[in-house]
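Working notes, structure below.
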Amino acid sequence: MRTFSLRDLDSDFIQEIESSDFIGRFRGCYTCGTCTGGCPVHRVNKDYDPLRIMRMLILGLREELLKGEMIWLCSDCYTCQENCPMDVKITDIINHLKNLATHEDNTPLGVSTQEKLLMDQGKIYIIDEFDNKKRAKVGLPSLPEMAEEAKKLLKQRQQ
């Protein structure tokens, strides 16, 4: 486990998060561990820990949170948030942290690859002739290789 010095703490980051209406209650976390105990990702990957994210946030460890990979492991299942006895919006907080990291160009390769696929193909999984042959064998209709409508919407959104 990494240790942190006072230089690592960012009080401006804490104030920035506290000023966000939908996540301002994060200080209500009393570190009971319910979030981690119910987390399906934590069950298979002990490196992911929603409680640790909350502790890091409370301490103002901005760089560690936004440049690290832990926030990107969240599956957005909302189990932690729905079970939190203090009604802390944990999943919403993690999504906000992901957005902040994205604004600072700190996204993992997998996320940027998915973004590129969405922009190029309109979907993450590319359908090819092989997929459509498998679908035809079981009586399913063919799917287009690209989702042109989704691609068009994403391009409009970028402008």
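The values are calculated or read from the model by the stated rules, or taken from the named source; none is laboratory data. Keep in mind it's a predicted model, so treat the numbers as computed, not measured. A quick note on method: Cβ atoms are made from the backbone with ideal geometry, for glycine too, and the neighbour counts reach across all protein chains shown.
For the reader, a short list of remarks on this structure follows.
- The listed residues are Gly60, Gly110, Gly68, and the only one of them that is modelled with pLDDT under 90 and either under 27 Å from Gly28 (Cα atoms) or in contact with a Pro (Cβ under 8 Å, 6 or more places away or on another chain) (or both) turns out to be Gly60.
- Of the set (1) in contact with a Gly (Cβ under 6 Å, 6 or more places away or on another chain); (2) surrounded by fewer than 19 Cβ atoms within 10 Å (Cβ to Cβ), all apply to Glu63 but (1).
- Subset of segment 66-93 [of a type in the set (A, V, I, L, M) and either exposed (fewer than 15 other Cβ atoms within 10 Å of the Cβ) or more than 18 Å from Arg43 (Cα to Cα) (or both)]: Leu66, Met86, Val88, Ile93
- Close pairs from segment 100-119: first farther than 22 Å from Lys152 by Cβ, partner surrounded by fewer than 14 Cβ atoms within 10 Å (Cβ to Cβ), Cβ under 7 Å, at least 6 apart: Asn106/Lys67; Pro108/Glu69
- Test result for Thr3, more than 26 Å from Val111 (Cα to Cα), assigned to a loop (DSSP other than H, G, I, E, B) and modelled with pLDDT of 85 or more: no
- Breaking point among (1) within 30 Å of Cys29 (Cα to Cα); (2) more than 15 Å from the chain's Cα centre (by Cα); (3) touching a residue at least 12 places away in the same chain (Cβ under 8 Å), for Tyr78: (2)
- Residue selected from segment 94-130 under the condition surrounded by 15 or more Cβ atoms within 10 Å (Cβ to Cβ) and among the aliphatic types (A, V, I, L, M), by the criterion nearest to Leu140 (Cα to Cα): Ile127
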